[in-house]
Amino acid sequence: MPNEFFPNVPKIEYEGPQSDNPYAFKFYDPDKVVAGKTMRDHMRFSLAYWHNLIGTGADPFGVGVNIRPWLSISDPMEQARARVRAMFEILEKLGLPYYCFHDRDIAPEGSTLRETNRNLDTIVNLMREYMRSSDARLLWGTACLFIHPRFVHGAATSCNADVFAYAAAQVKKAMEVTHELGGSNYVFWGGREGYDTLWNTDMKLELDNMARFLGMASDYAAEIGFSGQLLVEPKPKEPTTHQYDYDVGNVLAFLRGYKLDDRFRLNVEQNHAVLAGHTFQHEIRLARINNMLGSLDANQGDYLLGWDTDQMTTSLYEAVMVMYEVLQAGGIAPGGMNFDAKLRRASFEPDDIFRGHIAAMDTYARGLEIADRMLQDGTLERFIEERYSSYNDGIGKEIVSGKASFVTLEQFTLDRGPIENSSGRREWVESVINQFI
Ligand code: XLS
Ligand code: NI
Ligand code: NI
């Protein structure tokens, strides 16, 4: 077990709910079988390279505060190598089965794309070596098309065709390395694919170009034999005022409109759902019932703040919602639950990386057990079935089987007396959930 950067942190084991050891799981017991699968296989937890290995804790009002020994190494490639060592130490100690990265998280840019690609290859080879003696696998790769100044107007939706070309070349390489590392998915998050004002924007061209870009990307994935899922990650705003991948509903309409919906699924994030004015459950449900649920960015936003705080999930209620949907989707594989989450700025010590992940992993583990008990019990599902039972026969059956028309529905209604409704019982339903929690 590597022990270079976190000498105070042991391998994190399951000790049970009574444990007061901060470096132990209280509820996440990876080998425990729930609903026919181990917790490890249900969750498919993943570490986000950017938040843990790159993030400094800087915010718009203050400088970086995080104590991260590898970040003080001045040679960029040496630092990149140290970050790989630090990542595998975190993965091994937490027993995390997956990780995710942006191309530019793992290796620095050179002066040309050719040089940048060479840097990337060096680090990818190093990662492949580490993966030989580790169980950790790549959940997804992605390309960072938003930090460098060239992406000031976006990437695929930039007004500058040279930038479109650069972005395509960059994504081509990012897909290749994701494939080389055996990635299960590839993610498109349009970091600046949107606009700040329509008064300088050709919206039609930008949307058409985004579709062209995604089409070319999926053609290229097929060309290199990458059979992982291609995922679009919706987000309504930030950094642009209006992001085109606004929410699940918008992305669905976009993909269908451009006939791309059979090539992509969705990577749904809690904080983005909240920013779009939805619950996470709403976004997961909408993706699930349209057979578009691909993977989850498992974090939590602050309901009092209007930006993407990317917090570690500690709300049990949130976790129950998530696992209730995931269980009903039949699982999240080949996607997973990626901790696209950073520690609060005041949690700046290296060991907080472990405490934060333990907190989130335990929260989802409890969420899983609670959701499983809810589904086994079936009270809510029976209530819903009963609530819609008018569609099982009579006029309801005619409606859902497509036999009814406005004429037959008028005939049915014209001479009938008052309609009877029954209560939706929201308060009771929510108290049933509390009984399970
Ligand atoms: C930012 C996004 C980003 C994606 C990966 O808000 O969540 O982190 O998950 O590019
Ligand atoms: Ni994300
Ligand atoms: Ni985010």
**Study point:** Residue pairs meeting the criteria (Cβ under 9 Å; at least 6 apart or on separate chains; first over 14 Å from Gly64 (Cβ atoms) and assigned to a strand (DSSP E or B), in the stretch 333-351; second among the aliphatic types (A, V, I, L, M) and more than 16 Å from ligand 2 (Cβ to nearest atom))
**Key:** Met337/Met43; Met337/Val326; Phe339/Leu96; Phe339/Met361
Practice item. Can you run down the residue pairs with Cβ atoms below 6 Å, 6 or more apart or on separate chains, where the first is in the stretch 146-170 and at negative phi and small (Gly, Ala, Ser) and the partner is in a helix (DSSP H, G or I) and within 16 Å of ligand 1 (Cβ to nearest atom)? Key: Ala155/Ala167; Ala156/Ala167; Ala156/Met210; Ala156/Phe213
Check your understanding: Given the structure, is Arg85 within 25 Å of Leu71 (Cβ to Cβ), more than 16 Å from ligand 1 (Cβ to nearest atom) and either hydrophobic (A, V, I, L, M, F, W, C) or at pLDDT 95 or above (or both)?
Key -> yes
Practice item. Scan (1) more than 16 Å from ligand 1 (Cβ to nearest atom); (2) among the basic types (Lys, Arg); (3) farther than 26 Å from Ala211 by Cα for the single condition Arg288 breaks and write down its number. Key: (3)
Check your understanding: Given the residues Ala48, Ala35, Ala24, which is the only one that is within 16 Å of ligand 3 (Cβ to nearest atom) and either in contact (Cβ under 8 Å) with a residue 40 or more places away in the chain or within 21 Å of the chain's Cα centre (by Cα) (or both)?
Key -> Ala48
**Study point:** Count of the stretch 391-434 residues which are among the charged types (D, E, K, R), on the phi > 0 side of the Ramachandran plot and in a helix (DSSP H, G or I)
**Key:** 0
Review point. Just wondering, is there one or more residues in the stretch 218-230 that are closer than 22 Å to Val152 by Cβ, within 16 Å of ligand 1 (Cβ to nearest atom) and either hydrophobic (A, V, I, L, M, F, W, C) or at pLDDT below 95 (or both)?
Key: no
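The values are calculated or read from the model by the stated rules, or taken from the named source; none is laboratory data. None of these values were measured; they are calculated from a predicted model. Here Cβ is always computed from backbone atoms with ideal geometry, including for glycine, and neighbour counts include all displayed protein chains.
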